[in-house]
Amino acid sequence: MLQSMTGFASGTGALVPFSWTWDLRSVNAKGLDLRLRVPDWIEGLETALRAKLSKALGRGNVTLTLRVQRQETTGDLAVNEYVLASVLSALAVVEHKAKERGLSLAPTSAADILSTRGVLEHASVEDETNALAGALIADFDILLGHFLTMRASEGKALQTVLDRQIGEIETLVSQAETAIKDRQSDMAESLRNSLLRVTQNSDAVDDHRIAQELALIAVKSDVTEEMDRLNAHIDAARALLQDRKPVGRKFDFLMQEFNREANTLCSKSQNSALTRIGLDLKTVIDQMREQVQNVE
């Protein structure tokens, strides 16, 4: 199944106190050109995203934009476990000493402990960004899945168009083969007339020279090889449609070969019907080449 180089996907996500938006799109290109615009303060994120894109895509000019916002909330507080352990140990000592002296202390609540300086503090930026990077990478997998689905859908549409155009080329090649057979009598009559003019206007006819000229005319008008190559290119194009690997470059080269044979067919035609078929063939090939530019 063909894959298109054209695709788009967007998405949003959140991990308190962060929220983000994704924008992933691609257009055709000769190779794989990745352009990532992601926050540079999230360590390792760009490298991870670039690796995922490189593995999933073969060709295309790909642009990924990520915008991250941070909301200041009270939810970003964290317990300093080291300070808490120290406070609890100190509290145990105090309660033990008070008990030895027969003193009764009021129960200590969690709120009392949390109000102790240093027990409750803002979470470290490093912890926040590590968690954020993990959430973003997981969320990106979903985005990339939607993106690849769209490219596959576009590729399916491309495959339908290309299959139809290959069928049109095959029909025109078949018409050309019929026209070539029909022109044989005209070619023979033209050769006889040419030979008659030469013999009538020359006192000393060189039979060897005439044979050479006739052979040259025959070679210049023979399109057997061109027709064979056109049929071979049709088979190659159909095979590429079924290939599961990226085939855009191969298809692009094949279109150049199609065009070369169509040009030669027109130049050798010496027949109005065959010339008309050759021109129609070039038109379909040009249309097909435009579609091929979007194949991965």
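Laboratory data are not the source of any read-out in this text; all were calculated from the coordinates shown. Values in this document were obtained by computation on a predicted structure and should not be read as measured data. Backbone-built Cβ (ideal geometry, glycine too); neighbour counts: all protein chains shown.
Given the peptides 147-156, 106-115, arrange them by the average over their residues of other C-beta atoms within 10 Å, most packed first.
Order by mean packing, descending: 147-156, 106-115.
Could you work out Rg/(2.2 N^0.38 Å) for region 1-118, with Rg from alpha carbons only?
Normalised Cα radius of gyration, region 1-118: 1.99.
Using 20 Å as the cut-off for backbone N distance, which residues of region 1-17 belong to the label zone defined by a point 7 Å from the Cα of residue 148 along Cα→Cβ?
Those under the cut-off are 1-12.
Which values, in whole Å and largest first, are the semi-axes of the equivalent ellipsoid of region 218-267 obtained as the square root of 5 times each eigenvalue of the Cα gyration tensor?
Ellipsoid semi-axes (Å, largest first): 26, 11, 5.
Which peptide among 174-183, 235-244 comes first, and what is the full order, when sorted by highest mean count of other Cβ atoms within 10 Å?
Answer by packing, highest mean first, reads 174-183, 235-244.
Compute the distance in nm between two label points, each set 7 Å from the Cα along the Cα-to-Cβ direction, one at residue 116 and one at residue 70.
Distance between label points: 2.9 nm.
Filter the cross-link list 30/250; 245/282; 181/282; 55/156 down to pairs whose alpha-carbon distance in this structure exceeds 19 Å.
Distance filter (> 19 Å) returns 245/282; 181/282; 55/156.
With labels modelled as points extended 7 Å from the Cα through the Cβ direction, what inter-label distance (nm, one decimal) is found for residue 293 paired with residue 21?
3.1 nm
Say each of residue 257 and residue 270 gets a label point 7 Å from the Cα, pointing the same way as Cα to Cβ; how far apart are those two points in nm?
Spacing of the two 7 Å Cα→Cβ label points: 2.8 nm.
Pull out the extension gain between residue 37 and residue 181, defined as 0.36 nm times the separation in residues minus the alpha carbon to alpha carbon distance; nm, one decimal.
Answer, rounded to one decimal: 45.7 nm.
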